[in-house]
1. If you take the residues in the stretch 167-180 that are in a helix (DSSP H, G or I) and modelled with pLDDT under 90, which one is surrounded by the most Cβ atoms within 10 Å (Cβ to Cβ)?
2. I need every pair where a residue in the stretch 206-218 that is more than 16 Å from A26 (Cβ to Cβ) has its Cβ under 9 Å from the Cβ of a residue that is open to solvent by 30 Å² or more (accessible area, probe 1.4 Å) and in a helix (DSSP H, G or I), sequence separation at least 6 or different chains.
3. Just the residues that are part of a helix (DSSP H, G or I) and hydrophobic (A, V, I, L, M, F, W, C), please, taken from the stretch 37-57.
4. Across the stretch 17-39, which residue is nearest to the ligand (Cβ to nearest atom) among those that are open to solvent by less than 20 Å² (accessible area, probe 1.4 Å) and in contact with a strand residue (DSSP E or B) (Cβ under 9 Å, 6 or more places away or on another chain)?
5. Just checking, does the stretch 182-192 include any residue being open to solvent by 50 Å² or more (accessible area, probe 1.4 Å), among the small types (G, A, S) and either under 21 Å from V28 (Cβ atoms) or more than 16 Å from the ligand (Cβ to nearest atom) (or both)?
6. Just give me the residues in the stretch 138-159 being under 23 Å from A47 (Cβ atoms) and either away from the ligand (no atom under 13 Å from the Cβ) or touching a residue at least 60 places away in the same chain (Cβ under 8 Å) (or both), in sequence order.
7. Can you run down the residue pairs with Cβ atoms below 7 Å, 6 or more apart or on separate chains, where the first is in the stretch 68-85 and closer than 17 Å to G40 by Cβ and the partner is among the polar types (S, T, N, Q) and surrounded by 10 or more Cβ atoms within 10 Å (Cβ to Cβ)?
8. Checking A53 against (1) within 15 Å of the chain's Cα centre (by Cα); (2) more than 9 Å from the ligand (Cβ to nearest atom); (3) open to solvent by 30 Å² or more (accessible area, probe 1.4 Å), which test does it fail?
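The values are calculated or read from the model by the stated rules, or taken from the named source; none is laboratory data. Computed from a prediction, not measured in an experiment: that's the story for all the values here. Don't worry about glycine lacking a Cβ; one is built from the backbone with ideal geometry, like all the others, and counts go over all protein chains shown. Heavy atoms of the whole protein, side chains included, go into the accessibility calculation; ligands, DNA and RNA do not. Shrake-Rupley method; radii C 1.70, N 1.55, O 1.52, S 1.80 Å.
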Amino acid sequence: MVENNSEVPVVAIDGPSGAGKGAVSARVARELGWHLLDSGAVYRAVALAALAADVNPEDQAGLVGLCDRLPLSFRPGDDGIEVYLDQQPVGSRLRSEQVSAMASRVAALPAVRKALLELQRSFRQSPGLVADGRDMGTVVFPDATAKVFLHASVEERANRRYKQLKGKGENVTFSRLFQDLEARDRRDRERAVSPTIAAADAKVIDSTDLGLDQVVAQVLSVVEYRLQDT
Ligand code: C5P
């Protein structure tokens, strides 16, 4: 049973892939000294566990079984938070294109989303939580203190990812990344449960022409304003 931590403040940072939510959320959490939930990593861990156990992405019962006994933990690492499955660091496998595609398929299943709700809510611990995802402000923490919806054009997001992967020496093409991103956006936006949409009370920030520092400053000013209001 998870204790009711509804008085603990939450900043929900939602938006599509590649909008910069990860970097922004990590910086905001550090500035505030609050905990961080990377909910995408939770769905990615389920995808990785499903691939390892050969569970079909259509097998809802099998996937829910995996979620209920997901041996997942987050620990501080050299590069931010490190994800562990079965006490083993998962490293860069979590971000591979195969796991990204599988994560967005399993995340479209209502039973999987329901099975992961309590786990995500258990991150709401004092002094506060920065929650990064798609439905943090709409479903997981609808009473969040501050809500931000961060987006950027598909071109800009594909470009950022292209530079990132090229920098790591990976052999990728811009057009392939662009198409994959568009397909994933569509699946995340059009699914019946928890689609990627801004909460009615979210502050929408377009990061297409903004640097990380500028976005972080905008998010912090929303948080400050909302905290004064409570
Ligand atoms: O944010 P990230 O790209 O790591 O998320 C991986 C996938 O997990 C997304 O494409 C999306 O389908 C799913 N996801 C979700 N709800 C969240 C976070 C991620 O459906 N709150």
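1. Checked the stretch 167-180; the qualifying residue surrounded by the most Cβ atoms within 10 Å (Cβ to Cβ) is D180.
2. T208/E155; T208/E156; D209/E156; L210/Q218
3. Answer for the stretch 37-57, where residues must be part of a helix (DSSP H, G or I) and hydrophobic (A, V, I, L, M, F, W, C): A41, V42, A45, V46, A47, L48, A49, A50, L51, A52, A53.
4. Per the criteria, the residue is S39.
5. Within the stretch 182-192, not a single residue is open to solvent by 50 Å² or more (accessible area, probe 1.4 Å), among the small types (G, A, S) and either under 21 Å from V28 (Cβ atoms) or more than 16 Å from the ligand (Cβ to nearest atom) (or both).
6. T138, V140, F141, L150, V154, R157, A158
7. Close Cβ pairs (under 7 Å, with a partner that is among the polar types (S, T, N, Q) and surrounded by 10 or more Cβ atoms within 10 Å (Cβ to Cβ)) amount to Y84/S73.
8. With (1) within 15 Å of the chain's Cα centre (by Cα); (2) more than 9 Å from the ligand (Cβ to nearest atom); (3) open to solvent by 30 Å² or more (accessible area, probe 1.4 Å) applied to A53, the lone miss is (1).
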